[in-house]
Structures are given as structure tokens and as C-alpha cells.
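Here the structure is laid out as C-alpha cells; the discussion comes afterwards.
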Amino acid sequence: MIAEMLAGLVPGGVYAGLAVCIVLMYQMLGVVNLALGAMGGLAACTSLLCVQWFGLGAGPSALVAVLCGALIGVILGLLMVRYFLEASVELRTTVTIAVLVGIIAVGDRILNGATYNFPNLFAGPSVEIFGTGVPIGSLIEVVAAVLLAIGVQVFLRTTYLGAQLRAMSERPVTAGLLAIRVRTLTVAVWAFAGAIATIAVMVVLPTSTTSFPPLAYLVVYALGAALLGLLRNMIVAAVGGVLIGMLQSIVQPSSIGRYTDAVPFVVIVLVMVWWRRRDVWSEAR
Amino acid sequence: MSGLKRASGTPLSAMLVVAVVIIAAGFALSSYWQYVGAIGAAEAIFGLSIGVVYGQAGMLSLCQPAIGAIGAWTVAYLSGEMGWVPLPWSLFIGAIIAVPIGLAAGMPALRLRRVNLAIVTLGVVIVIYTVAQAGQVAGSQESAYVKTPTWNLAGYMGLYLLGWLSFALLAGLTIVLRRSRWGLSWLAIARSERAAAAMGVSVTKAKLTAFAVAAFVAAWAGGLLVAGFGSADPSNFDPVVVLTLFALAVMMGAGYWEGALALGLFSAISSALLEQWGLTPDLGTALFAIGAITVLGKPDAAFSVMIRRQVAKLSSRRRRAADDEPPALRTFSPLAAKVPATGPADDPGRPLALAISNLTVNFGAVRALDDVSLTVPYGEVVGLVGPNGAGKSTLVDATTGFLAAYSGTVQVDGAQIDALPAYKRARIVRRTFQQDRTIGELTAEGYLRLGAAPGTTAKQIREIIEFVGCSNTATPLHSLDVRLRRLLMIGACLTGRPKAILVDEPAAGLSAEESIDLAARLVEIPERFGCGLLVIEHDMELVRLLCTSLVVLDFGKVIASGPTAEVLARADVAAAYLGDDVAAETALQEIAVEETSGRNAPAAVTSSQKAGEPHGR
């Protein structure tokens, strides 16, 4: 059991990282970014290409990929400020569905069923915990995700830029009237999320390289984790992500192992409905 | 959500022309294109199912096409593996089996909304896809092979006919449902769940019926795919496919049948063309993504919405000449109004229309209502006044069942209703809201029909529309002015034939003349419709004209009650409005001056009320 739970830290850390970005984007920009995993996945693919085609080392390739992730974020951010600055949350979210579908098409084209080998960035030694070897990389990932959550929350609460971002998330138009550069900040948040998503996805790259959609679908569990944080609390979202990863890892070898992908959602639905049991009405009054 | 808006209907002739063209086209097409057309029909039906849940009921649920898997497995099992159920029947059985699954998928929607619901329903998509891939459910294995129906027709004409007749049937079903109470209740919850419940609509039932109908429709489409592809291929329910259908539905405006039709044709034809041109489907997907983003970037650019707008423009041009003038505003003379305190003289033994006793409501540490008691006799208009934050709307919420907890009792017509949920209370006590919560897509007739008590005739509804002074019965409510929409909100209360009606700030935002017109109509309600009326209002002129008695709330407590003129003359009432003793004294002086000059006292309260507004908490 403990061995499985610790093994779950690998996907758990990825979900946690993505979940923090989802909450950040929802809070700041009013969009549930269903394409986040795909963005990270597409950027991570460029690192594969750097290794394969240009013979770059793992480190430089990863750096290129992160930059690429930020660039994808910038492009999408510009798209959002150009056309959807005043759109509803639902409409923006629907746009990310279209983005997701588009990126999957591009990603499929790039990977094209071929197998790529990606040197493991986190191929460091394993740490022995309760008699189980845990790769140091996944420990770093989990800790990094939680630190990211705490760091972003502290940043938003204590810095001037954080205050500007919060103002923008509450009232974009009013924030604009207060000379806050809403467009620039929006694009910056998209770029940041793209970069973080790329790092998160690269952690699992060595194990999944032939098909693109699974990379894009990582976001689904991160969305579940973000939901556990009520799309508000990044720390709960990060912890939720880790727990979901562990849950999958526990279920995998069991008799319902073939339903591993489904189990977290059954749990998330039950938890959410319980938490929201008093939300009888759509509006407060 | 603008992309999926809806309206009353399309002419039958237009639908018949489309049906004839599609069927006739089938005979002219090659076998390949007949097959493509049949798959398009299945996708169009998926569009219909999304149109019901998202387009009509306004729930951001992504899982409808995935529920089609239930239909696919059923058809594959019954018509393939078992082989003994002929195809149209297995489609129907699959659709029926999907209903409980749809209900289960809809349960989270009772508490989760908007993007939360989107994430959870995306989870449902993943769950179904996982089950499909696991291949353990009967019918989900590739071995369950269904022979494509031919019915002795050339090529794939049998499949083509099956697909498009299914579409016609299910589109007809959604059109009929749209006009039924179910369909009206879907539109109502999309607009406002509270307003829907206040009209007697069970929000739970409305949501679940939408999910059930959508599941039925989607499962039919899933079954059709099996009839075309031969087996229930999990890739048909891949999350990307499901999400693409959803985004397409938003693009095309699948809340209308023509949007769903466009979805099916576009999706099938574009992928077939790409295949014929030797291009891989991912290029088509990428093109679709660009198209979807372009369409979503323009408000109301969904295909079906644009079509409807053009049609509406043409028909309004034709109709304009016949448009009649709105009826003139009524005037109201206080002398002609009922003299205060005639009371329930006609039947002293009759219970009160509304009796609230010892009502106490706490919001955390704040006591919003403190031991409030008031009564509204039949045939009377009682006013409830007080500064902002005094607890007036909280009282309405508690009385009509919108608060989770309160202490005290509410009796309507002598019956205690505290245990009833809001939509059941609406059978005997109705309310309006301060904000406009009418349903913009409906006409006055449809809107009033939604709130009507069982057995209400069309004639009665027309009479109420006339009573509130609306002459424009064919226009959707969103193109009427605020005044008419407010009056129709009251009219919708009347169609429910309640014992008591609570009207929350009906004159807010109306001009002086319009307020008078409103008063002239409101004052007739108790006698004409046999009920008691509680009016919350800040406009003291209106209160003075309208109410036989008055209850004043301040900080959640009743500080005065009794005949209107008496209450308005009291110094503490003026003080509550002004919030400051000095101001109260000024008001008293004003009253004294006006009394000596022979005018009514309450006018002073009216003039000083505005100065007192900042007192509101």
C-alpha cells in the first residue's frame, strides 16, 4: 500500500503543478483552461525534437521547451485579450476546448506515432522511504508544486503586482480604468502557466512518448484537483493533485485496475456534491 | 452562452422543406455519401442532446455525447451479439436504458453549476471512455458486430433513411418538449433557479428531466453510430471527440434544431472531404479549432442564431404595419381607491391570506429578522416598508421558502407551510423579485403559462396579460421594456392563483406616471383575484395610495404597524427612515407644517426618504 502511494507521487506531482496553474488562471483570468495539459504537452514535444533532431542535451532541451511553453502561453493569451476579454467564463472555457482540440491535432502530427526517447531529467538517485525507493525527481516535483502554490498565494497577497492581478481578476474593466495593464498581465499569466505546465508534463515524458492525447488528458485530473480546492485554494488543489495520483496508484494493481482512470472522478464527484450540498440555488438572492 | 440561445419556433413549412430536400438528396447521392450523411445524422442528434442540456436548460455539461455509449453498447449487444432484436427497436431500448444513466450523470448538477459542473461532467466523459476501453460491458467488445441495415435499398440508403428519420423524430420531440411545461421549466432554470421555483417549477425535476431527455437522444445517436460502423468502437467516445462535438454545438447553436442539423452536416461532410482530398483528419480538427474560436469571438454568431435573426428581421418587416400601439398608462385617484381599513368584513370567519408569526432569521451572527409577526387579510393590500437592509426581502425569502432555516411559522389561508419547499409553496403563495427575472426568450403567453396553476385556460392567461396592460403578446420578453416585464412578473404570480402575493419593490426604476399606473393595477388584484397582497416599496407615494395597512421594519424588528396614515404619521417611523434624531425632528416639523396646510402627512416621509437612504446598511 505504502509503496503504491509513494509511486503515486510521480503523477500526483504533475497533477498538483497543473492544478495550481488552473486555479491561478481561473482566479486571475476567469477561465478554466482545459487546454493546459495540451499546452505543456506540445511544448514538451519540442524538447523531444531538440534531442532527436538537433542532438541537444537534456538540460538545454528542457530549457527550450519551457521557453516554448511560455511562447504558446503568450500566443493564446494574446488571442484571449484580443477576442475574449469581456466574454463570460463559460465562453472562455469553451474556447479552451477548441484550443485543446487544435493542439491535440498538431501534437498528433508532430509525434505521429513514432517513439521518442527522452533522457530523464530527474534521473537522480532514489530515496528510501518505508523501504520503498522513491525517485528524487518526483519528490522534488511534489514539493515544488506545493511551494508554487504557497508562493503564488503569498505573492498575490503581499506584492503590488499581486494586488494589481487581484484587482484585474475581480473587475477587469475597473482595473483597466485604474491604469492597470490588464492585457499585459493577462498575457503574462498565460505565459507563466504555459511554462509551468511544460515543466509539469516533462516530468512524465520519459514514460509516455508515442501518443499525444494522454499528455493533454493529464489536465483532467488536475482539473479535478483544482475543483477540490473549489477553484480557489491553490494549496488544497496541489495536495488534492498528489492525493489523486496516489489514489490512482493504489487502484492500479487492484481488481478494478482497468478502471483506474475513472476512480478519481467518482471520488471527486462525491466529495464535491457533499461540500456543495447547501448550494441549493444558483444565485445568492 | 450566447451561442446557444433559443426562441419560440420555426414554421412547420420550413421544416418540411428541409426534410424533403434531405430525403430526396439521399436518393441522388452515391453510396459513399449516403454513408457520410448517415453518420452526419447521428452527429446532428448528438447536437440535439447538447442543445437540450446546455442550449435550453443552460447547464454547462460536457458529457452528453459520451452517454451515447450506452446506446451503442445496447445496440451492439441486442442487434449484434444476441442478434435477435431488429435495429430500430434496439435503438429505442438503448435510449430507454440510457435514461437512468443520464439521471445519474445529472445528479451532480443539482448542486454544482457552471465551470464546476463542466469539470465534473468532463469526469463523466473520462469514466465512460475508461469503461468503453476496458471492454467489459456487454456490447462494448468488437466481437459484437451489427450488420448495417439495408431494407432492400441500394447502397447505404437504408442507413441514411434510418439516420435522418431518427433526426426528424428526435428533433420533433425536442420541439414539442420546448413548448411543454418541461421545456418551459428548462428555460426558466437557465434564467434563474430562484425565479423558476418562485413560479412553482421544481428545479430538481427540471434539471433531471433535461438530463434524462438528453440521455435518451444521445443514446439513440450512439446506437446509430454502431449501425454505421458495425461495432461500438471506444474511439467514438474519446474525450476529444466528445469535446469537439460540444464546441461544435456551441458554434452552430444546437439549442435550435437547425443548429444541430448544421453541426451534423458540417462535421460529416468536412471530414469526408478531407479524407477524399487525402488529408489526415487532424488537419480538419485543427481547421475546426480555428473556426470555432473565430465564431466564439463574435457574440451571437452561432449559425442557428444568425438564421433566426434574419428570419425575425424579415417577418418583423412584414408585420410592422400591423403593430398596435401600447395601451395608455392608467391613472389613479386616491379617492377612487378603497378607503383604508374596510378589513375582511365580508367573512369574519375566513382565515387570513397570509399570517407570519414570530419569524426570526439569523445569518451567522447577524439577526436579520427578529420575532416578526404580520398578517395580510384577504382582499387587502398591506405595505411593508423600512430602510435598506431592514430585512424586508429576507422576510419574502423566508415566507416563500428560499431560506434554509428560520424559526417561527408561516401560514397561508390557515395552513402552515413551513415544511414545504419553495416550488410547492408557490402553489399558494407567490412572490416577485426586485431584479427583472422574466425569461427573455419566451413570449408573454409562454411566460405566464409556465407559472400557471393546473387547469388554467388560454383565455384566463390572455385576460391576465390584458390586465397587466401588455398588448404585445407575440414578442419575446427581452424586447419589451422594463415596466412591462415587471408587470408580467406580477402577472405570472396571478396565473398561479395563489392565496397571497408578495411583491418586492415593484416600482423600482419606474417613472412617476408608471408607478401610478402600477398602483392602479395592483390595487385591483386582491378583490379581482381573491387573494391578499403584501407590497414592499420605498416609494411612499405609492404605499400611501395602495396600502390599507402598513408594517414598518427596522434592523429586523417591527417598529410600527397599523392603518397606513396612522403609521406614516409616527415620529419613530420617520426617524427609522432618516436614521438620525435631528433629521427626524425636521421631518416632524415638515409633517406639522403640511398638516396645517391640509396636505397628507406621508408626503413628508416621501420627500425626506431620499435623504435618509444612506442610513441603509
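The values are calculated or read from the model by the stated rules, or taken from the named source; none is laboratory data. Every value quoted in this text rests on a predicted model; they were computed, and no experiment measured them. Neighbour counts run over all protein chains shown; Cβ positions are idealised from the backbone, glycine included. The protein model used for the area step is the full one, side chains on, heavy atoms only, and it has no ligands, DNA or RNA in it. Shrake-Rupley method; radii C 1.70, N 1.55, O 1.52, S 1.80 Å.
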| field | Debye-sum result for the stretch B:2-314 in log10 I(q)/I(0), which assumes one identical scatterer on each alpha carbon, at q = 0.09, 0.12, 0.16 Å⁻¹ | value | -0.41, -0.75, -1.37
| note | Percent relative contact order for chain B, counting Cα pairs under 8 Å at least six residues apart, stands at 16
| Roughly how tilted is helix B:203-229, in degrees to the nearest 10 and between 0 and 90, from the longest Cα axis of chain B? | 10
| query | Cα axis of helix B:12-28 to longest principal axis of chain B: angle in degrees, 0 to 90, nearest 10? | reply | 10
| task | Determine the per residue accessible area of the stretch B:2-314 with all protein chains present and a 1.4 angstrom probe, expressed in square angstrom. | result | 35
| message | Given the stretch A:2-275, report the % of alpha carbon pairs whose separation exceeds 28 Å. | response | 34
| Nearest-ten-degree value, helix B:257-276 long axis tilted from longest Cα axis of chain B | 30
| remark: Mean separation of Cα contacts under 8 Å (at least 6 apart) over the residue count of the stretch B:131-247, i.e. the relative contact order in percent, is 39
| query | Which three lengths, in whole Å and largest first, does the protein assembly as shown cover when its Cα atoms are put on their principal axes? | reply | 100, 71, 49
| Under DSSP loop assignment and at most 12 Cβ neighbours within 10 Å, longest chymotrypsin sites (Phe, Trp or Tyr not before Pro)-free interval of chain B | B:278-617
| said: Probe radius 1.4 Å, ligands and nucleic acids left out: can you give me the accessible area buried at the A-B interface, summed over both chains, in Å² to the nearest hundred? | reply: 4400
| What does the charge count near residue A:81 come to, summing +1 for each Lys or Arg and -1 for each Asp or Glu among other residues with Cβ under 15 Å from its Cβ? | +3
| note | With every protein chain kept in place and a 1.4 Å probe, the stretch A:150-285 has an accessible area per residue in Å² of 47
| request: Measure off, as a whole percent, the carbon and sulfur share of the 1.4 Å-probe accessible area of the protein assembly as shown, all protein chains present. | output: 63
| said: I need to check one value: relative contact order of the stretch A:2-275, counting alpha carbon pairs closer than 8 Å and at least 6 residues apart, in percent. | reply: 40
| field | Euclidean distance between Cα centres, the stretch B:126-151 to the stretch B:174-226, Å | value | 28
